[in-house]
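*Asks:* Below you will find the structure I want to go over with you.
What follows draws every value from the coordinates through simple rules; no lab data is involved. Nothing here was measured: the structure is a model prediction, and the numbers come from that model. Here the Cβ is made from the backbone with ideal geometry for all residues, glycine too, and neighbour counts use every protein chain on show.
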Amino acid sequence: MFEADDELVVVDQHSAHERVLYEQTMAALTGTGGAGQRLLLPLTLDLSPEELEAVEAYAELLSRVGFEVEPFGGRSVVLHAVPNPHPRFDARRCFEELVTDLARGRLGGLANRLERFAATYGCRAAIKAGQRLDPEEMRALIRRLFACELPPHDVHGRPAVVRLPRHELERRFGRS
Ligand SMILES: [Zn+2]
């Protein structure tokens, strides 16, 4: 929450970060891709057959956002590298949620495959609601949000920002 010229601005941190990551991911998918961080201890995950299929179908896009995935026999895969979109990022959880979403066709309303992937990744990789950010992280997020092409909405079409103009607050406090 912060004060602007003549208004109070409230930001939904998940929606805001999701928007930032969506645009970053679209750039990574259509450009050179983003590098993942190599793991000293690779993560092994067991997937359902549908999820395994999704990993194969989206292998190229997963590697472009930084997930280096290798089949490990049976239904297991090994993650050798993962993206690092923020300090509290939980790579295993993000990968599991992302792959489940991809297998189920979540956000299927987006016709374009790249957009659908970027929206799903953005949602799952973003800061969660309720995670505590320090003031510098909040400021950085807000700067990145307002540098986006479409700042006010997240990938689900919900607003990322609510503005309360001074005159509205004054009216509600019976001062106008
Ligand atoms: Zn979301």
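*Asks:* Take the Cα radius of gyration of the chain and divide it by 2.2 N^0.38 Å, with N its residue count; two decimals is plenty.
*Replies:* Taking N as the residue count of the chain, the ratio is 1.19.
*Asks:* Would you mind classifying segment 12-89 by shape? Square roots of the alpha carbon gyration tensor eigenvalues, ordered a ≥ b ≥ c; an a/c under 1.5 is rounded, otherwise it is prolate if a/b is larger than b/c and oblate if not.
*Replies:* Prolate, because a/c is 1.5 or more and a/b exceeds b/c.
*Asks:* Using the Cα centre as the reference, give the magnitude of the dipole from point charges on the C-beta atoms of segment 46-176 (Lys, Arg: +1; Asp, Glu: -1; all else neutral), rounded to the nearest 20 debye.
*Replies:* The calculation lands at about 1000 debye.
*Asks:* Counting other C-beta atoms within 10 Å, which of Glu70, Glu3 has the fewest, and how do the rest follow?
*Replies:* Glu3, Glu70
*Asks:* Given 0.36 nm per residue, what is the gain on full extension from Thr32 to Phe2 after removing their alpha carbon distance, in nm?
*Replies:* Contour length minus Cα-Cα distance gives 7.2 nm.
*Asks:* What net charge do the residues around Glu136 carry, taking every other residue with its C-beta under 15 Å from that of Glu136, with Lys and Arg at +1 and Asp and Glu at -1?
*Replies:* Taking every other residue near Glu136 into account, the sum is +3.
*Asks:* Alpha carbon centre of segment 60-129 versus segment 152-176: separation in Å?
*Replies:* Measuring centre to centre over Cα atoms gives 33 Å.
*Asks:* In addition: Taking θ as phi - 60°, what are the ³J(HN,Hα) couplings along segment 13-27 by the Karplus curve (6.51, -1.76, 1.60), each to the nearest whole Hz, with x for Gly and Pro?
*Replies:* Each residue of segment 13-27 in turn: 5, 5, 4, 5, 5, 4, 5, 4, 5, 4, 5, 5, 5, 4, 5 Hz.
*Asks:* Hey, can you grab everything whose amide H is under 5 Å from the amide H of Ala81? Only 5+ residues off in sequence or another chain; H modelled, so Pro and N-termini drop out.
*Replies:* Residues meeting the amide H criterion: Leu39, Glu68.
*Asks:* Using just the helices of the chain, give the 222 nm mean residue ellipticity in deg cm²/dmol: DSSP H runs with n ≥ 4 each add -39,500 (n - 2.57), and the total is spread over all residues, rounded to 500.
*Replies:* -14000 deg cm²/dmol
*Asks:* Relative to the longest principal axis of the chain, what angle (0 to 90°, nearest 10) does the C-alpha long axis of helix 135-146 take?
*Replies:* Helix 135-146 and the main axis of the chain meet at about 90 degrees.
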